1. Among A:90-98, A:21-29, how do they line up by average Cβ neighbours within 10 Å per residue, starting with the highest?
2. Averaged across the residues of B:62-72, what count of C-beta atoms belonging to other chains lies within 10 Å of each residue's C-beta?
3. Past the 20 Å Cα-Cα mark, which pairs from B:Lys62/B:Lys115; B:Lys166/B:Lys201; B:Lys42/B:Lys84?
4. Which residues in the range A:202-216 place their backbone N less than 14 Å from a point set 7 Å from the Cα of A:Leu128 along the Cα-to-Cβ direction?
5. By accessible area of protein heavy atoms, probe 1.4 Å, what ranking do A:Asp191, A:Asp196 get, highest first?
6. Tell me, what ³J(HN,Hα) does each residue in the range A:143-149 have, in order and in whole Hz, if you take phi through Karplus 6.51 cos²θ - 1.76 cosθ + 1.60 with θ = phi - 60° and put x for Gly and Pro?
7. Just counting partner chain Cβ atoms within 10 Å, what average do the residues of peptide A:139-148 show around their Cβ?
8. With a 1.4 Å probe and all protein chains kept in place, how do A:Arg43, B:Arg47, B:Arg58 rank by accessible area, largest first?
Amino acid sequence: MINHHPTSDVLAQFVAGNLPASVSVLVSSHVELCAECARSVQRLTQQAAIDAFGELADETAGDELLVTDMTSELAGEFEFELEDFDECIAAITAEEADDKRQLPQTVTEIAVGGERIALPTALRSIPLKEWQGMGKLSRSRLALDDGDLRMSLLHIDKGGSVPCHTHKGFEITLLLQGSFTDEMGEYRKGDFIWLDGQHTHQPVTEEGCVCLTVSSDAIHFTQGMSQLLNPIGRFIY
Amino acid sequence: MQTFVSAGAPDKGSANINSHPETQVPPELSVWLVRVADARDKQAFTRLFQFFAPKIKRFGIKQLGNEAQAHELVQETMSNVWRKAHLYDGDKGAATTWVYTVMRNAAFDMLRRVKAKAEMNLGDDIWPIEQVQSEEALPEFADHLMEKQMLAYVDSLPEAQRAVVKGVYYQELSQEQLAQQFGVPIGTIKSRLRLALAKLKQQMGDQQHD
(Lines give C-alpha, C1' and ligand atoms only; values in the text may rest on other atoms or scores of the structure.)
Protein backbone atom coordinates (compact mmCIF):
# COMPACT_ATOMS: atom_id res chain seq x y z
CA MET A 1 0.00 0.00 0.00
CA ILE A 2 1.53 3.28 -1.13
CA ASN A 3 0.85 6.12 1.30
CA HIS A 4 2.96 8.98 0.01
CA HIS A 5 2.21 10.49 -3.38
CA PRO A 6 3.16 13.56 -5.41
CA THR A 7 0.71 16.42 -4.85
CA SER A 8 -1.91 17.02 -7.54
CA ASP A 9 -0.07 20.19 -8.49
CA VAL A 10 3.13 18.23 -9.06
CA LEU A 11 1.18 15.73 -11.19
CA ALA A 12 -0.33 18.53 -13.28
CA GLN A 13 3.09 20.12 -13.87
CA PHE A 14 4.41 16.66 -14.74
CA VAL A 15 1.71 16.18 -17.36
CA ALA A 16 2.37 19.64 -18.78
CA GLY A 17 6.04 18.74 -19.19
CA ASN A 18 7.16 21.60 -16.97
CA LEU A 19 9.19 19.74 -14.34
CA PRO A 20 12.97 19.28 -14.61
CA ALA A 21 14.02 16.02 -16.28
CA SER A 22 15.20 14.27 -13.11
CA VAL A 23 12.04 15.17 -11.21
CA SER A 24 9.94 14.02 -14.17
CA VAL A 25 11.78 10.70 -14.17
CA LEU A 26 11.07 10.28 -10.48
CA VAL A 27 7.38 11.14 -10.80
CA SER A 28 7.09 8.80 -13.79
CA SER A 29 8.71 6.01 -11.77
CA HIS A 30 6.20 6.53 -8.98
CA VAL A 31 3.30 6.59 -11.43
CA GLU A 32 4.48 3.27 -12.85
CA LEU A 33 4.13 1.73 -9.38
CA CYS A 34 0.98 3.54 -8.27
CA ALA A 35 -2.34 2.74 -9.96
CA GLU A 36 -4.00 5.68 -8.21
CA CYS A 37 -1.55 8.28 -9.57
CA ALA A 38 -1.58 6.54 -12.97
CA ARG A 39 -5.31 7.23 -13.11
CA SER A 40 -4.82 10.86 -12.09
CA VAL A 41 -2.15 11.30 -14.75
CA GLN A 42 -4.44 9.78 -17.34
CA ARG A 43 -7.21 12.20 -16.37
CA LEU A 44 -4.87 15.19 -16.37
CA THR A 45 -3.48 14.19 -19.77
CA GLN A 46 -6.98 13.96 -21.20
CA GLN A 47 -7.69 17.45 -19.89
CA ALA A 48 -4.40 18.84 -21.24
CA ALA A 49 -5.23 17.34 -24.63
CA ILE A 50 -8.64 19.00 -24.58
CA ASP A 51 -7.00 22.33 -23.71
CA ALA A 52 -4.58 21.95 -26.60
CA PHE A 53 -6.79 20.39 -29.28
CA GLY A 54 -10.40 20.65 -28.21
CA GLU A 55 -13.04 18.15 -27.29
CA LEU A 56 -14.80 15.56 -29.37
CA ALA A 57 -17.78 17.23 -30.96
CA ASP A 58 -21.26 15.92 -30.45
CA GLU A 59 -21.52 13.01 -32.88
CA THR A 60 -24.59 14.56 -34.45
CA ALA A 61 -22.84 17.80 -35.35
CA GLY A 62 -22.34 18.28 -39.08
CA ASP A 63 -18.87 17.25 -40.24
CA GLU A 64 -18.92 19.79 -43.03
CA LEU A 65 -18.94 22.65 -40.58
CA LEU A 66 -15.86 21.27 -38.90
CA VAL A 67 -13.99 20.93 -42.14
CA THR A 68 -14.65 24.58 -42.99
CA ASP A 69 -13.50 25.54 -39.51
CA MET A 70 -10.24 23.78 -40.07
CA THR A 71 -9.49 25.38 -43.40
CA SER A 72 -10.37 28.84 -42.18
CA GLU A 73 -8.09 28.30 -39.25
CA LEU A 74 -5.31 27.25 -41.57
CA ALA A 75 -5.63 30.23 -43.84
CA GLY A 76 -6.36 32.65 -41.04
CA GLU A 77 -4.49 33.35 -37.84
CA PHE A 78 -1.66 30.96 -38.59
CA GLU A 79 0.91 31.78 -41.19
CA PHE A 80 1.34 28.28 -42.40
CA GLU A 81 1.32 28.43 -46.15
CA LEU A 82 -0.58 25.60 -47.75
CA GLU A 83 2.42 24.76 -49.94
CA ASP A 84 4.54 24.47 -46.78
CA PHE A 85 1.97 22.02 -45.51
CA ASP A 86 2.19 19.92 -48.64
CA GLU A 87 5.96 19.96 -48.62
CA CYS A 88 6.10 19.04 -44.96
CA ILE A 89 3.55 16.25 -45.37
CA ALA A 90 5.39 14.87 -48.38
CA ALA A 91 8.69 14.82 -46.47
CA ILE A 92 7.15 13.06 -43.49
CA THR A 93 5.18 10.48 -45.43
CA ALA A 94 8.35 9.52 -47.29
CA GLU A 95 9.64 8.13 -43.98
CA GLU A 96 9.26 4.50 -43.00
CA ALA A 97 7.24 3.46 -39.99
CA ASP A 98 9.28 2.52 -36.95
CA ASP A 99 9.86 -1.16 -36.49
CA LYS A 100 6.76 -2.57 -34.87
CA ARG A 101 8.73 -5.01 -32.87
CA GLN A 102 10.04 -3.30 -29.78
CA LEU A 103 13.05 -5.15 -28.49
CA PRO A 104 13.17 -5.70 -24.76
CA GLN A 105 15.32 -3.02 -23.17
CA THR A 106 18.76 -3.98 -21.97
CA VAL A 107 19.11 -2.33 -18.56
CA THR A 108 15.91 -3.24 -16.77
CA GLU A 109 17.23 -4.78 -13.61
CA ILE A 110 20.08 -4.28 -11.21
CA ALA A 111 21.51 -6.59 -8.59
CA VAL A 112 21.97 -4.86 -5.25
CA GLY A 113 22.86 -6.54 -1.98
CA GLY A 114 22.25 -9.95 -3.54
CA GLU A 115 18.75 -8.99 -4.71
CA ARG A 116 17.56 -8.32 -8.20
CA ILE A 117 15.60 -5.14 -8.53
CA ALA A 118 13.57 -4.05 -11.53
CA LEU A 119 14.34 -0.52 -12.63
CA PRO A 120 11.59 1.91 -13.60
CA THR A 121 10.94 2.26 -17.34
CA ALA A 122 11.82 5.94 -17.16
CA LEU A 123 15.44 5.03 -16.36
CA ARG A 124 16.00 2.81 -19.35
CA SER A 125 18.07 5.26 -21.39
CA ILE A 126 19.97 6.79 -18.48
CA PRO A 127 23.36 5.19 -17.75
CA LEU A 128 24.28 4.33 -14.16
CA LYS A 129 27.72 5.32 -12.94
CA GLU A 130 29.87 3.08 -10.82
CA TRP A 131 28.61 2.13 -7.37
CA GLN A 132 30.45 3.76 -4.50
CA GLY A 133 30.11 2.51 -0.96
CA MET A 134 30.59 3.80 2.55
CA GLY A 135 29.62 1.43 5.37
CA LYS A 136 26.09 0.25 4.78
CA LEU A 137 25.42 2.95 2.25
CA SER A 138 26.16 2.69 -1.41
CA ARG A 139 25.25 4.98 -4.19
CA SER A 140 25.29 5.10 -7.95
CA ARG A 141 24.89 8.44 -9.64
CA LEU A 142 22.74 8.54 -12.77
CA ALA A 143 24.36 10.14 -15.79
CA LEU A 144 21.66 12.72 -16.45
CA ASP A 145 22.45 16.36 -17.17
CA ASP A 146 19.91 18.37 -15.27
CA GLY A 147 21.43 21.62 -14.03
CA ASP A 148 21.96 21.63 -10.28
CA LEU A 149 19.85 18.54 -9.72
CA ARG A 150 21.50 15.24 -9.04
CA MET A 151 19.88 11.89 -9.34
CA SER A 152 21.10 8.71 -7.66
CA LEU A 153 20.23 5.19 -6.78
CA LEU A 154 20.86 4.68 -3.11
CA HIS A 155 21.13 1.36 -1.35
CA ILE A 156 21.08 1.10 2.44
CA ASP A 157 21.91 -2.35 3.66
CA LYS A 158 19.96 -4.20 6.41
CA GLY A 159 20.16 -2.35 9.71
CA GLY A 160 21.76 0.70 8.12
CA SER A 161 20.89 4.33 8.61
CA VAL A 162 21.80 7.78 7.43
CA PRO A 163 22.84 10.03 10.35
CA CYS A 164 20.38 12.78 11.29
CA HIS A 165 20.48 15.39 8.57
CA THR A 166 18.66 18.22 6.94
CA HIS A 167 18.48 19.28 3.32
CA LYS A 168 19.70 22.62 2.15
CA GLY A 169 17.59 22.44 -0.98
CA PHE A 170 15.05 19.71 -1.56
CA GLU A 171 15.32 15.99 -1.73
CA ILE A 172 12.83 13.62 -3.32
CA THR A 173 12.99 9.94 -2.57
CA LEU A 174 11.16 7.10 -4.27
CA LEU A 175 11.35 3.79 -2.50
CA LEU A 176 11.95 1.06 -5.08
CA GLN A 177 12.47 -1.83 -2.72
CA GLY A 178 12.35 -2.53 1.02
CA SER A 179 11.29 -0.01 3.64
CA PHE A 180 12.65 2.60 6.01
CA THR A 181 11.42 4.70 8.90
CA ASP A 182 12.26 8.14 10.16
CA GLU A 183 10.84 10.55 12.73
CA MET A 184 7.87 11.23 10.45
CA GLY A 185 6.78 7.72 9.72
CA GLU A 186 7.33 4.49 7.90
CA TYR A 187 7.83 4.25 4.16
CA ARG A 188 7.38 1.33 1.81
CA LYS A 189 7.92 0.44 -1.81
CA GLY A 190 6.41 3.03 -4.14
CA ASP A 191 6.28 5.84 -1.57
CA PHE A 192 7.23 9.24 -2.97
CA ILE A 193 8.68 11.56 -0.33
CA TRP A 194 9.47 15.22 -0.97
CA LEU A 195 11.51 16.93 1.76
CA ASP A 196 13.04 20.37 1.96
CA GLY A 197 15.19 22.40 4.37
CA GLN A 198 12.42 22.48 6.99
CA HIS A 199 12.71 18.77 7.60
CA THR A 200 15.36 17.05 9.65
CA HIS A 201 15.35 13.31 9.60
CA GLN A 202 17.28 10.15 10.31
CA PRO A 203 16.18 7.32 8.05
CA VAL A 204 16.72 3.83 9.46
CA THR A 205 16.09 0.60 7.63
CA GLU A 206 15.72 -2.81 9.20
CA GLU A 207 15.29 -4.91 6.09
CA GLY A 208 17.39 -2.71 3.83
CA CYS A 209 16.14 -0.56 0.98
CA VAL A 210 16.85 0.79 -2.47
CA CYS A 211 15.77 4.32 -3.33
CA LEU A 212 15.86 6.57 -6.32
CA THR A 213 16.63 10.10 -5.18
CA VAL A 214 16.79 13.57 -6.67
CA SER A 215 18.32 16.37 -4.66
CA SER A 216 19.04 19.97 -5.36
CA ASP A 217 21.90 20.28 -2.90
CA ALA A 218 24.15 18.45 -0.47
CA ILE A 219 22.61 17.19 2.73
CA HIS A 220 23.73 18.69 6.00
CA PHE A 221 24.33 16.57 9.09
CA THR A 222 23.09 18.10 12.30
CA GLN A 223 24.25 16.02 15.25
CA GLY A 224 27.47 15.28 17.15
CA MET A 225 30.21 13.34 15.46
CA SER A 226 28.20 12.93 12.30
CA GLN A 227 28.78 16.61 11.62
CA LEU A 228 32.28 15.54 10.68
CA LEU A 229 30.62 13.90 7.70
CA ASN A 230 29.44 17.20 6.31
CA PRO A 231 32.24 17.53 3.79
CA ILE A 232 31.05 14.24 2.31
CA GLY A 233 27.33 15.00 2.56
CA ARG A 234 27.65 15.59 -1.15
CA PHE A 235 28.65 11.96 -1.52
CA ILE A 236 25.45 10.51 -0.16
CA TYR A 237 22.82 12.17 -2.24
CA MET B 1 -23.59 51.79 -39.97
CA GLN B 2 -24.64 51.29 -36.41
CA THR B 3 -27.77 49.50 -37.44
CA PHE B 4 -25.63 47.25 -39.59
CA VAL B 5 -23.57 46.27 -36.56
CA SER B 6 -26.57 45.38 -34.47
CA ALA B 7 -28.22 43.66 -37.40
CA GLY B 8 -25.08 41.60 -37.73
CA ALA B 9 -25.34 40.50 -34.12
CA PRO B 10 -26.90 37.07 -34.83
CA ASP B 11 -23.75 36.26 -36.78
CA LYS B 12 -21.75 36.69 -33.64
CA GLY B 13 -22.63 33.22 -32.53
CA SER B 14 -20.99 31.58 -35.51
CA ALA B 15 -18.04 33.97 -35.31
CA ASN B 16 -17.52 32.76 -31.76
CA ILE B 17 -17.50 29.17 -32.85
CA ASN B 18 -14.89 30.04 -35.45
CA SER B 19 -12.66 31.78 -32.97
CA HIS B 20 -12.82 28.77 -30.65
CA PRO B 21 -12.45 25.88 -33.03
CA GLU B 22 -10.62 24.04 -30.24
CA THR B 23 -13.92 23.19 -28.58
CA GLN B 24 -14.78 20.82 -31.43
CA VAL B 25 -12.77 17.93 -32.67
CA PRO B 26 -13.71 15.86 -35.73
CA PRO B 27 -14.79 12.39 -34.62
CA GLU B 28 -12.73 10.78 -37.41
CA LEU B 29 -9.33 11.55 -35.82
CA SER B 30 -9.08 8.11 -34.33
CA VAL B 31 -10.05 6.45 -37.62
CA TRP B 32 -7.44 8.48 -39.52
CA LEU B 33 -4.78 7.53 -37.01
CA VAL B 34 -5.59 3.84 -37.36
CA ARG B 35 -5.55 4.17 -41.17
CA VAL B 36 -2.08 5.70 -40.96
CA ALA B 37 -0.94 2.81 -38.77
CA ASP B 38 -2.52 0.02 -40.81
CA ALA B 39 -2.42 1.29 -44.38
CA ARG B 40 0.20 4.10 -44.34
CA ASP B 41 -2.68 6.18 -45.68
CA LYS B 42 -1.30 9.57 -46.81
CA GLN B 43 -4.75 11.03 -47.27
CA ALA B 44 -5.64 10.25 -43.68
CA PHE B 45 -2.31 11.66 -42.54
CA THR B 46 -2.96 14.87 -44.46
CA ARG B 47 -6.26 15.25 -42.60
CA LEU B 48 -4.49 14.72 -39.27
CA PHE B 49 -1.81 17.20 -40.26
CA GLN B 50 -4.35 19.84 -41.22
CA PHE B 51 -6.14 19.46 -37.94
CA PHE B 52 -3.19 19.22 -35.59
CA ALA B 53 -0.47 21.39 -37.16
CA PRO B 54 -1.88 24.82 -36.27
CA LYS B 55 -2.68 23.70 -32.74
CA ILE B 56 0.74 22.15 -32.23
CA LYS B 57 2.27 25.37 -33.46
CA ARG B 58 0.26 27.34 -30.91
CA PHE B 59 1.38 24.96 -28.15
CA GLY B 60 4.98 25.23 -29.40
CA ILE B 61 4.99 29.01 -29.27
CA LYS B 62 3.70 28.90 -25.71
CA GLN B 63 6.09 26.17 -24.56
CA LEU B 64 9.23 26.93 -26.58
CA GLY B 65 8.89 30.66 -26.98
CA ASN B 66 9.56 31.23 -30.66
CA GLU B 67 8.09 30.52 -34.04
CA ALA B 68 11.03 28.68 -35.58
CA GLN B 69 11.04 26.17 -32.73
CA ALA B 70 7.27 25.90 -32.89
CA HIS B 71 7.61 24.91 -36.56
CA GLU B 72 10.22 22.35 -35.63
CA LEU B 73 7.83 20.97 -33.01
CA VAL B 74 5.10 20.60 -35.64
CA GLN B 75 7.46 18.62 -37.87
CA GLU B 76 8.87 16.53 -35.06
CA THR B 77 5.44 15.71 -33.62
CA MET B 78 3.78 14.91 -36.93
CA SER B 79 6.76 12.84 -38.04
CA ASN B 80 6.46 10.82 -34.82
CA VAL B 81 2.73 10.43 -35.42
CA TRP B 82 3.48 9.06 -38.89
CA ARG B 83 6.19 6.68 -37.72
CA LYS B 84 4.64 5.53 -34.44
CA ALA B 85 0.92 5.48 -35.17
CA HIS B 86 0.88 1.71 -34.57
CA LEU B 87 1.53 2.39 -30.88
CA TYR B 88 -1.81 4.16 -30.60
CA ASP B 89 -4.68 2.04 -29.35
CA GLY B 90 -8.13 3.43 -30.00
CA ASP B 91 -9.58 1.43 -27.12
CA LYS B 92 -7.29 3.11 -24.60
CA GLY B 93 -8.32 6.69 -25.18
CA ALA B 94 -8.90 9.58 -27.52
CA ALA B 95 -6.60 10.26 -30.47
CA THR B 96 -6.08 13.76 -29.12
CA THR B 97 -4.74 12.41 -25.82
CA TRP B 98 -2.21 10.24 -27.65
CA VAL B 99 -1.10 13.05 -29.96
CA TYR B 100 -0.80 15.33 -26.93
CA THR B 101 1.58 12.81 -25.37
CA VAL B 102 3.66 12.62 -28.55
CA MET B 103 3.74 16.42 -28.79
CA ARG B 104 4.55 17.07 -25.11
CA ASN B 105 7.35 14.49 -25.24
CA ALA B 106 8.86 16.09 -28.34
CA ALA B 107 8.63 19.57 -26.79
CA PHE B 108 10.24 18.30 -23.60
CA ASP B 109 13.20 16.83 -25.48
CA MET B 110 13.57 19.93 -27.66
CA LEU B 111 13.66 22.15 -24.60
CA ARG B 112 16.30 19.96 -23.02
CA ARG B 113 18.40 20.12 -26.17
CA VAL B 114 18.30 23.90 -26.08
CA LYS B 115 18.69 24.42 -22.33
CA ALA B 116 20.85 21.58 -21.13
CA LYS B 117 22.52 20.83 -24.47
CA ALA B 118 21.36 17.31 -23.72
CA GLU B 119 21.14 15.03 -26.72
CA MET B 120 19.51 12.11 -24.92
CA ASN B 121 15.80 11.86 -25.66
CA LEU B 122 13.90 11.02 -22.48
CA GLY B 123 10.35 12.06 -23.28
CA ASP B 124 9.10 8.68 -24.47
CA ASP B 125 10.70 6.93 -21.49
CA ILE B 126 9.10 9.30 -18.99
CA TRP B 127 5.68 9.32 -20.67
CA PRO B 128 5.33 6.05 -22.60
CA ILE B 129 3.50 6.39 -25.89
CA GLU B 130 3.06 2.64 -26.22
CA GLN B 131 -0.41 2.44 -24.85
CA VAL B 132 -0.32 -1.31 -24.43
CA GLN B 133 2.42 -0.86 -21.83
CA SER B 134 0.96 1.93 -19.75
CA GLU B 135 -1.95 -0.28 -18.76
CA GLU B 136 -3.23 -1.42 -15.39
CA ALA B 137 -0.80 -4.26 -14.67
CA LEU B 138 1.05 -1.76 -12.52
CA PRO B 139 1.60 -3.01 -8.98
CA GLU B 140 3.51 -6.23 -9.71
CA PHE B 141 6.98 -4.87 -10.16
CA ALA B 142 8.49 -8.33 -9.80
CA ASP B 143 6.90 -9.57 -13.01
CA HIS B 144 7.60 -6.39 -14.79
CA LEU B 145 10.47 -7.61 -16.91
CA MET B 146 8.62 -10.74 -17.93
CA GLU B 147 5.56 -8.65 -18.68
CA LYS B 148 7.54 -6.32 -20.90
CA GLN B 149 9.06 -9.18 -22.84
CA MET B 150 5.65 -10.76 -23.28
CA LEU B 151 4.30 -7.49 -24.61
CA ALA B 152 7.13 -7.27 -27.10
CA TYR B 153 6.26 -10.74 -28.35
CA VAL B 154 2.57 -9.96 -28.46
CA ASP B 155 3.29 -6.78 -30.40
CA SER B 156 5.10 -8.78 -33.04
CA LEU B 157 1.99 -10.83 -33.79
CA PRO B 158 -0.13 -10.05 -36.86
CA GLU B 159 -2.70 -7.36 -36.14
CA ALA B 160 -5.78 -9.62 -35.91
CA GLN B 161 -4.13 -12.13 -33.58
CA ARG B 162 -2.63 -9.40 -31.44
CA ALA B 163 -6.03 -7.78 -30.94
CA VAL B 164 -7.50 -11.09 -29.74
CA VAL B 165 -4.62 -11.83 -27.36
CA LYS B 166 -4.83 -8.37 -25.88
CA GLY B 167 -8.57 -8.57 -25.58
CA VAL B 168 -8.43 -11.86 -23.70
CA TYR B 169 -5.34 -11.37 -21.52
CA TYR B 170 -5.09 -7.65 -20.94
CA GLN B 171 -8.66 -6.42 -21.12
CA GLU B 172 -10.08 -9.69 -19.82
CA LEU B 173 -12.86 -9.81 -22.37
CA SER B 174 -14.60 -13.06 -23.11
CA GLN B 175 -14.29 -14.68 -26.53
CA GLU B 176 -17.97 -13.94 -27.08
CA GLN B 177 -17.43 -10.26 -26.34
CA LEU B 178 -14.50 -10.16 -28.73
CA ALA B 179 -16.47 -11.87 -31.48
CA GLN B 180 -19.10 -9.18 -31.10
CA GLN B 181 -16.57 -6.38 -30.97
CA PHE B 182 -14.82 -7.45 -34.16
CA GLY B 183 -18.00 -8.63 -35.87
CA VAL B 184 -16.62 -12.11 -36.63
CA PRO B 185 -17.84 -15.60 -35.67
CA ILE B 186 -16.59 -16.94 -32.36
CA GLY B 187 -14.80 -19.73 -34.22
CA THR B 188 -12.59 -17.12 -35.88
CA ILE B 189 -11.67 -15.68 -32.48
CA LYS B 190 -10.83 -19.16 -31.21
CA SER B 191 -8.60 -19.98 -34.18
CA ARG B 192 -6.82 -16.59 -34.02
CA LEU B 193 -6.14 -17.17 -30.35
CA ARG B 194 -4.84 -20.68 -31.00
CA LEU B 195 -2.50 -19.46 -33.75
CA ALA B 196 -1.29 -16.56 -31.63
CA LEU B 197 -0.55 -18.73 -28.59
CA ALA B 198 1.32 -21.26 -30.71
CA LYS B 199 3.45 -18.46 -32.11
CA LEU B 200 4.12 -16.98 -28.67
CA LYS B 201 5.09 -20.36 -27.30
CA GLN B 202 7.53 -20.83 -30.14
CA GLN B 203 9.09 -17.41 -29.57
CA MET B 204 9.49 -17.91 -25.86
CA GLY B 205 10.99 -21.31 -26.48
CA ASP B 206 13.50 -19.73 -28.87
CA GLN B 207 14.41 -17.22 -26.23
CA GLN B 208 15.16 -19.88 -23.65
CA HIS B 209 17.55 -21.76 -25.91
CA ASP B 210 19.66 -18.64 -26.37
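The values are calculated or read from the model by the stated rules, or taken from the named source; none is laboratory data. Remember, it's a predicted structure, so these values are computed and weren't measured experimentally. Note that each Cβ is placed from the backbone with ideal geometry, even for glycine, and that neighbours are counted across all protein chains shown. Please note that ligands, DNA and RNA were not included when accessible areas were found on the heavy atoms of the full protein model with its side chains. Shrake-Rupley method; radii C 1.70, N 1.55, O 1.52, S 1.80 Å.
1. A:21-29, A:90-98
2. Taking the mean over all residues of the peptide, I get 1.
3. none
4. A:209-213
5. A:Asp196, A:Asp191
6. So the J values, rounded to whole Hz, are 7, 10, 6, 8, x, 7, 7.
7. 2
8. A:Arg43, B:Arg47, B:Arg58
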